[in-house]
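The values are calculated or read from the model by the stated rules, or taken from the named source; none is laboratory data. Predicted model, so just to flag it, every value in this text is computed and none were measured. Neighbour counts run over all protein chains shown; Cβ positions are idealised from the backbone, glycine included. Heavy atoms of the whole protein, side chains included, go into the accessibility calculation; ligands, DNA and RNA do not. Shrake-Rupley method; radii C 1.70, N 1.55, O 1.52, S 1.80 Å.
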Amino acid sequence: MGRDEEIDLLLRRWTRAKAGDGQVVLISGEPGIGKSRIAAALEERLPADPHLRLRYSCSPYHQDSALFPFVDLLGRAAGFAHEDPPALRLEKLEALLARAATPDEDVALLADLLSLPASERHPLPNFSPQRKKERTLEALIRRLEAVARQQPLVMVFEDAHWIDPTSRDWLDLAVERVRSLRVLLVITFRPDFQPPWIGQPQVTMLALNRFDRRDRAALVKQIAGGKPLPAEVVDQIADRTDGVPLFVEEFTKSVLESGVLREEADRYVLDHALPPLAIPTTLQDSLMARLDRLASVRLVAQIGAAIGREFSYSLLRVVSRLSESELQAALARLVASELVFQRGAPPDAVYSFKHALVQDAAHGSLLRSSRQQLHAQIADALEIHFPELMDSQPELLAQHYAEAGLVEKSVAYWGKAGRRSAARSAMAEAAAQFRKALNQLTSLPDSRERQQQELEFWSALGAVLFAVKGQAAPETGQAYARARELWEQLGFPSEFLHVPYGESRYRMFRGELDLALHLDESLLRLSRQRDDSAGLVLGHFSAGRNLMHAGRFASSRSHLEEVLALHDPISDSSLVHQTGIYPYVNSQGLLGIVLFCLGFPDQALAQSSAAIAAARRLAHLPSLASSLTSGTRVHSLIGDNAALDEWADEVVAVATEQDFPAWRAQGTIFRGWIKVKNGDVAEGLSLLRSGSSAYRATGAAAYMPHFFALLAGAYEIAGQVEEAVTLCDHALQIVERTGEHWFAAELYRHKGKLLQQQGHPEAADQLYRKALSIAREQCAKLWELRVAESLARLHCDQHRRKEARDLLAPVYGWFTEGFDTQDLKSAKALLDELS
């Protein structure tokens with residue numbers, strides 16, 4: 001092949017890997033340039049000492065099949081037979097993993113990956129979707145480590161440019177771990193695939209270029225068994241193949257099989273002038289000519305191509321309906337042509353096309369009607385003879401039914417695939433599958449049934465995009481907007497009340513509170529008309545949350561307390577599957593913030609603690625992270641540094657463990673604030689800045705005014721008053737743009753305090769009065785107390801002591817609790833001083 005140097009390099013890397021110095025070789029090249037042949041040649045030349053070879057060809061058919069290579073490889077390693085019932089497969093998997101002393105968690109996760117039933121011996125842990133995905137990837141890495149401890153391992157991933165996103169995540173982990181394992185990991189791909197691993201010490205990059213004329217001639221001679229061809233034939237092959245090894249190989253074989261050359265003892269010769277069309281003009285022509293000359297096996301090649309880049313003997317036998325002898329003879333001839341490679345022996349044999357272009361040529365040779373009929377036969381065969389695939393690989397049936405033009409079945413399986421991927425936390429794949437279901441639906445006539453299916457998929461896509469793109473991403477909003485449009489057209493079906501809730505959530509995170517509140521009003525109005533308790537719970541919760549952000553605390557409290565009054569454990573459990581939240585728990589957490597602002601700090605702490613306790617009882621980790629974050633916010637407002645320190649650490653711990661980026665970022669911000677309060681200003685500022693950047697990176701805008709205020713407070717403590725003023729201005733601009741007014745009074749008060757420090761009492765007075773007006777309008781007694789104290793102290797500086805006392809005393813006198821908090825202690829001290 002003219003690739004001896006590259007193969008020697010691979011063998012040297014293999015020798016290092018066997019010694020425990022794990023190696024990764026990346027092979028990049030254009031289609032047909034010989035990437036797969038290099039990997040195959042490596043296996044042919046490996047020494048006979050113990051090692052295990054694992055090879056997987058990525059395919060467009062599996063781009064949306066999360067972790068399909070590992071489903072396949074685990075099944076092979078465990079010895080699954082397609083007739084095995086799920087319980088037997090689970091036993092085989094447990095037996096395989098027991099030999100490696102695999103942790104119980106790994107057994108449960110890998111069983112779930114293979115769509116096997118849960119085991120009492122190995123229960124599935126309660127992880128968040130993202131954390132479950134990460135733990136599954138780690139379990140697969142540990143499986144790789146266990147195999148590599150037993151014997152050196154060669155693992156080849158071909159055509160990685162078609163790999164699914166979750167398998168790509170696994171490769172990211174594997175490339176790092178391989179460096180300490182007895183593993184040679186070979187990854188082939190096209191140049192447009194840009195891996196992040198280039199430059200790492202264990203990684204070797206091998207870029208394959210096109211052959212020059214000398215290499216082309218050498219390859220022609222090699223394909224001809226070492227016998228030279230006439231110079232004019234070699235020249236034409238060299239010219240038409242443009243240096244692509246696969247083209248050289250196929251054009252040469254096409255000419256040798258065409259009969260235009262006569263074989264002599266040491267060469268091939270022409271009996272007469274070369275016919276004009278003796279050498280194909282394109283690779284497609286060459287492959288088609290070869291398939292035509294293999295007429296007796298052409299049908300088998302076409303069926304295999306319709307199945308995929310790789311196809312099994314067992315499925316081929318069912319679809320082809322040929323006798324065992326006919327099928328095996330056809331396959332033997334196809335393998336002898338080297339268009340197809342074979343692994344294993346019938347009935348367990350698996351075949352793969354030597355290149356995706358070969359598969360494309362065989363598939364493209366089918367007439368449209370024949371192709372559709374063939375894909376329908378394949379899908380039917382999978383349903384009848386391989387029923388386990390309906391659960392483990394529904395996307396495979398979806399693709400075949402789509403190719404067959406059977407839209408209804410394709411849509412059903414794409415929907416099943418999307419739901420399965422979402423349940424397995426493969427959100428990128430789930431999003432792609434729901435989109436394919438929606439694309440298929442466009443070919444059906446518009447009808448109520450089609451609209452219902454569209455609504456189901458758009459709402460599911462919106463929920464998935466919250467994770468994939470972010471809570472404020474435009475794609476998320478588009479999905480929910482279309483879902484709501486369909487929901488309204490269909491008469492507002494009750495089973496999709498989570499659609500307006502989801503769009504309201506999106507609008508809130510985008511900082512579009514007016515639109516969010518309008519959606520809440522519509523949801524509540526409809527739910528009251530129908531006396532729909534689930535809709536009322538969602539509507540009250542959403543309204544309570546959004547009104548809190550808007551600074552309408554009394555109304556927010558009313559809605560959140562209504563959620564608590566409507567609480568029903570069974571209904572809440574149902575809603576958590578649709579929305580990902582427990583409204584009761586989250587309402588308690590938000591109520592803590594609302595009650596604090598309204599002037600009830602003791603009740604605020606009680607509600608915050610109750611929310612966290614409920615989340616712990618339910619073992620619902622998103623609710624725990626959410627309630628801990630709300631509680632931490634309350635402690636930051638109250639100024640309880642000891643509790644803030646403890647709760648902020650737990651927020652970060654839970655959010656890091658479960659990979660909740662938005663909550664982890666908020667916990668980091670609060671940790672930064674407590675660092676500043678405890679005197680470590682430099683470290684605190686660093687955490688505040690990094691946490692704020694990470695939070696904004698999630699797409700969220702909610703709570704940013706509060707976070708800017710904390711950062712401004714840190715700059716103030718650091719003596720950088722000008723920077724603190726600038727941050728207050730930024731925060732107030734967000735308030736005006738988004739309508740998030742819950743912290744507005746504090747921002748005006750804080751800016752006034754900073755200006756007072758800079759010697760601008762008149763400006764400070766105006767800002768204090770602005771803050772006082774907002775606080776009174778919001779019935780926010782805690783904010784009013786803080787502003788009244790700040791303004792009273794300004795009056796004291798101006799020798800207006802009676803005015804100061806008359807302002808502060810009635811506000812302080814309103815309070816009936818919270819006298820141990822810093823706010824009330826400070827106000828009481830000032831009043832005593834003014835007596």
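Here are some notes:
- Unit charges on C-beta of K, R, D, E only; dipole of the chain, Debye: 500 debye
- The chain: calculated mean residue ellipticity at 222 nm from DSSP helix runs of at least 4, using -39500 (n - 2.57): -22000 deg cm²/dmol
- Cα extents for the range 288-393 along the principal axes, largest to smallest and rounded to whole angstrom: 39, 32, 25.
- Packing-based ranking, highest mean first, of 776-783, 72-79 given that Cβ atoms within 10 Å are counted: 776-783, 72-79
- Cα long-axis angle, helix 245-258 against the chain (0 to 90 degrees, to the nearest 10): 30 degrees
- For the range 298-381, carbon and sulfur atoms together expose 50% of the accessible surface, with a 1.4 angstrom probe and every protein chain in place.
- In this label model, His730 and Ala265 are separated by 8.8 nm, measuring between points 7 Å along each Cα→Cβ vector.
- Overall form of the range 1-157 per C-alpha gyration tensor (a/c, 1.5; a/b vs b/c): prolate
- Among beta bridges from DSSP that stay inside the chain, the antiparallel ones total about 30%.
- Listed by chain and number, the lysines whose C-alpha is less than 23 Å from the C-alpha of Lys416, apart from same-chain residues fewer than 8 away, are Lys132, Lys133, Lys436, Lys469.
- Note on the range 500-564: percent of Cα-Cα distances in each 10 Å bin, starting at 0 and stopping at the bin with the largest distance, equals 27, 57, 17, 0.
- If the Kirkwood radius is taken over C-alpha pairs of the range 697-829, then at 37 °C and 0.692 mPa s the Stokes-Einstein diffusion coefficient equals 214 µm²/s.
- The range 670-802: relative contact order as a whole-number percent, Cα under 8 Å and 6+ apart: 15 percent
- With 5 Å bins beginning at zero, the pair-distance distribution over Cα atoms of the range 635-694 amounts to 4, 24, 28, 26, 14, 3, 0 %.
- Here the range 84-162 and the range 372-427 have alpha carbon centers that stand 24 Å from each other.
- In the range 283-325, one over the average inverse separation of all distinct C-alpha pairs is 11.2 Å, which is the Kirkwood hydrodynamic radius.
- Long-range tail of P(r) for the range 646-748 (Cα pairs > 24 Å, %): 20 percent
- DSSP-loop trypsin sites (Lys or Arg not before Pro) across the range 82-113, with at most 16 other Cβ within 10 angstrom: Arg99
- Computed on the range 584-687, with alpha-carbon pairs under 8 angstrom and 6+ residues apart, the relative contact order is 21 percent.
- Share of carbon and sulfur in the accessible heavy-atom surface of the range 1-151 [1.4 Å probe, %]: 51 percent
- In this label model, His82 and Ala100 are separated by 2.6 nm, measuring between points 7 Å along each Cα→Cβ vector.
- Each residue, Arg776 and Ser573, gets one label point 7 Å from its Cα in the Cβ direction; the gap between the two is 5.2 nm.
- Degrees, to the nearest 10: 781-797 long Cα axis against longest axis of the chain: 60 degrees
- Folded to 0 to 90 degrees: helix 4-18 orientation relative to the chain principal axis, Cα: 50 degrees
- Using only the C-alpha atoms, the convex hull of the range 76-177 corresponds to 120 Å³ per residue.
- Per-q log10 I(q)/I(0), the range 602-667, q = 0.11, 0.14, 0.15, 0.27 Å⁻¹ (Debye; single scatterer per alpha-carbon; no solvent): -0.21, -0.34, -0.40, -1.18
- Length-normalised contact order for the chain - Cα pairs under 8 Å, 6+ apart - percent: 8 percent
- Which labelled figure in (1) 1.19; (2) 1.37; (3) 2.36 is Cα Rg over 2.2 N^0.38 Å, once derived from the coordinates: (1)
- Here the extension length gained between Glu91 and Asn126 equals 10.3 nm, from 0.36 nm per residue of separation less the Cα-Cα distance.
- The range 157-316 - accessible surface per residue (Å², probe 1.4 Å): 41 Å²
- Diffusion of the range 187-300 by Stokes-Einstein, at 20 °C in a medium of 1.002 mPa s and with Rh set to the Kirkwood radius over alpha-carbon pairs, works out to 134 µm²/s.
- Taking the range 691-708 and a reference point 7 angstrom along Cα→Cβ of His760, the backbone N atoms nearer than 20 Å belong to 708.
- Report note on the peptides 320-332, 496-508, 693-705: ranked by the mean count of other C-beta atoms within 10 Å, highest first, their order is 496-508, 693-705, 320-332.
- Put simply, the range 109-247 fits an ellipsoid with semi-axes of 44, 16, 16 Å; these come from the alpha carbon gyration tensor as the roots of five times its eigenvalues, largest first.
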